[in-house]
1. Could you please give the count of residues in the range 75-123 that are in contact with a His (Cβ under 8 Å, 6 or more places away or on another chain) and closer than 28 Å to C146 by Cβ?
2. Contact list please: Cβ distance under 9 Å, first residue in the range 247-261 and in contact (Cβ under 8 Å) with a residue 40 or more places away in the chain, second residue of a type in the set (D, E, K, R), pairs at least six apart or on different chains.
3. Mind listing just one residue for me: the one in the range 170-202 that is out of contact with any Lys or Arg (no Cβ under 9 Å at 6 or more places or on another chain) and farther than 20 Å from N139 by Cβ and, of those, surrounded by the fewest Cβ atoms within 10 Å (Cβ to Cβ)?
4. In the range 41-136, which strands (runs of 3 or more DSSP E) lie fully inside it and hold 2 or more residues that are farther than 23 Å from C275 by Cβ?
5. If you scan the range 138-158, which residues turn out to be of a type in the set (G, A, S) and either under 22 Å from the mean Cα position of the chain (by Cα) or assigned to a helix (DSSP H, G or I) (or both)?
6. Just checking, which of M51, M37, M41 is surrounded by 15 or more Cβ atoms within 10 Å (Cβ to Cβ) and modelled with pLDDT under 85?
7. Just for helices (runs of 4 or more DSSP H) wholly inside the range 292-344: which have at least 3 residues that are more than 26 Å from R58 (Cβ to Cβ)?
8. Name the residues in the range 312-328 that are touching a strand residue (DSSP E or B) at 6+ places or on another chain (Cβ under 8 Å) and buried (at least 19 other Cβ atoms within 10 Å of the Cβ), would you?
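The values are calculated or read from the model by the stated rules, or taken from the named source; none is laboratory data. The structure displayed is predicted, hence computed values, not measured ones. As a convention, Cβ positions derive from the backbone with ideal geometry for all residues, glycine included, and neighbour counts pool all protein chains shown.
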Amino acid sequence: MNELSDFSSMELSLLQHAYSNGIPINGSLELLPLCNMDCSMCYVRLSREAMEQVGQLRTIDEWLMLAGQMRSAGVLFLLLTGGEPLLYPNFRDLYLELKKLGIILTINTNGTLIDKSWAQFFGAHKPRRINISLYGSNNQTYKTLCHYSDGYDKVINAILLLRENNVDVKINCSAIQTNKQDIDKILDICSSLRVPVHVDSYMYPATRERKADYPIQSRLTPKDAAAIWHKSLKAEMDESQYCLYRESLLKQVKQRQNIVPDTTDNTMQCMAGSCSFTINWQGCMRPCVMLDSPSVPIFDSSFSEGWTQLRQEMARISLCNDCTACAYRPLCHICAASALYESGSHQGKSEYLCDLAIESYRQLKGNYQND
């Protein structure tokens, strides 16, 4: 619900300019679908055998050729992700060449591969930030959820090593039924380590390339998801920031309750396909990591041509009028991707998301007795 929270005020100004002018300033590269863990809720991971049945990894030369085109088109921020991106062959060479282009790099990783050598490398060639996924507060949760027995110990060690090398680290956590009892401890751990944390309590029912049924039963009830979202929100901000953000959200909902919102513009309002994109390991450009389509095979043309095509196709996507007009829209996860996967249509409604938005509002309201 706050996709811009990681950017500084200056970066937000650049993003707003890019959004207004259709400049692809922000992107991500999904370097590979391979991972050394096998998380139950993952929609990306493939085994090597499954990957090779549908394609091969792009070479470092292909990525760098594309990166030069991206930089010329205006790309400034780039997220390197996967799978587990550190498993990509010659990752360090690719990373260093991308930095030479002046691209500001962020990395998503599960953290289990980061040893002293990796930490020293990133300390000498600093990224904007390394986002580490923390899936539990102990090794048993990692064994149950990620099928990786000593993941917790390795992640904590990675955080400490990166901090020793003055690398900016942020913790991301996906909350589901399996680890919901760990969330309080995870927030405490991050506080003690003085590392910022974000807990995502909404899980998309997406399958993507894996084509496996998503275990709907593993995600949280709307009430539990809202409670964890609110708890995480307070952990991410200091008291004054939280109060201002809370007041802003409640004010927006109240204003929308008292007026008839305009539903004539029900196009997508997020950055996806406006100034942001993702390119998967097979070389398909998409508006975001969740949407399978529109999808443009970027290596078959140029980046600029692909971006133009992507924007044209995104402009034809519209959302549900009822969702556009809903008073709880400022607290809702509804977007083209979530609507599609929840209901089967970009213009569909989701009972789960409606309940989640209302529960989120109740969490904010319930924090103060006089509201």
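1. Looking only at that region, the number is 1.
2. If the second residue must be of a type in the set (D, E, K, R), the pairs left are L250/K365; L250/D371; Q252/R329; V253/R329; R256/R329; P261/R329.
3. S191
4. Fully inside the range 41-136 and qualifying: 129-133.
5. Residues satisfying the conditions are G151, A158.
6. Working: M51 fails: modelled with pLDDT under 85; M37 fails: modelled with pLDDT under 85.
Unique residue meeting the criteria: M41.
7. 321-325, 336-343
8. M314, I317, L319 - these are the residues of the range 312-328 that are touching a strand residue (DSSP E or B) at 6+ places or on another chain (Cβ under 8 Å) and buried (at least 19 other Cβ atoms within 10 Å of the Cβ).
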